[in-house]
Amino acid sequence: MGPKLDCPWCGKDVGSPRNLGTRPSDTGPKWYQFTLSERSVIRPASVCPYCSNPVKTSQRSQRWILLIVPFVLAWFAELLTIPASYVPTWAMWALGVLGVIGVVLARARMRLEKANVI
């Protein structure tokens, strides 16, 4: 059981990010976002399951996910150099533990914010 994830609009506990509903976004993509089809123009927006107001996860909590990047890069280096191993096994384990810590911290620090509705 993780920490409470309260809706910033109604204050009720959502429980998990999986419990958030979706609806089409009111705003289109920004000028720098790549669009190829009608499906990408109408993007889904996360909404609270109780009050149906748009919410988003805080960017500060998602920064902890970056702790998994060294593990992915080391794994990719191992994949490219199959005959010879350049990353020691103990380093792969240490980077894996660091990645797991990053994922746990990201979930522990996750907060919901009000999404901009224009």
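For the range 74-96, residues that are at pLDDT 85 or above and more than 19 Å from the chain's Cα centre (by Cα) total 15. Can Ala74 be described as open to solvent by 40 Å² or more (accessible area, probe 1.4 Å) and farther than 30 Å from Gly11 by Cα? So Ala74 fails the test.
The values are calculated or read from the model by the stated rules, or taken from the named source; none is laboratory data. Keep in mind the model is a prediction, meaning the values are calculated, not measured. Note: areas computed on protein heavy atoms with side chains; ligands, DNA, RNA excluded. Shrake-Rupley method; radii C 1.70, N 1.55, O 1.52, S 1.80 Å.
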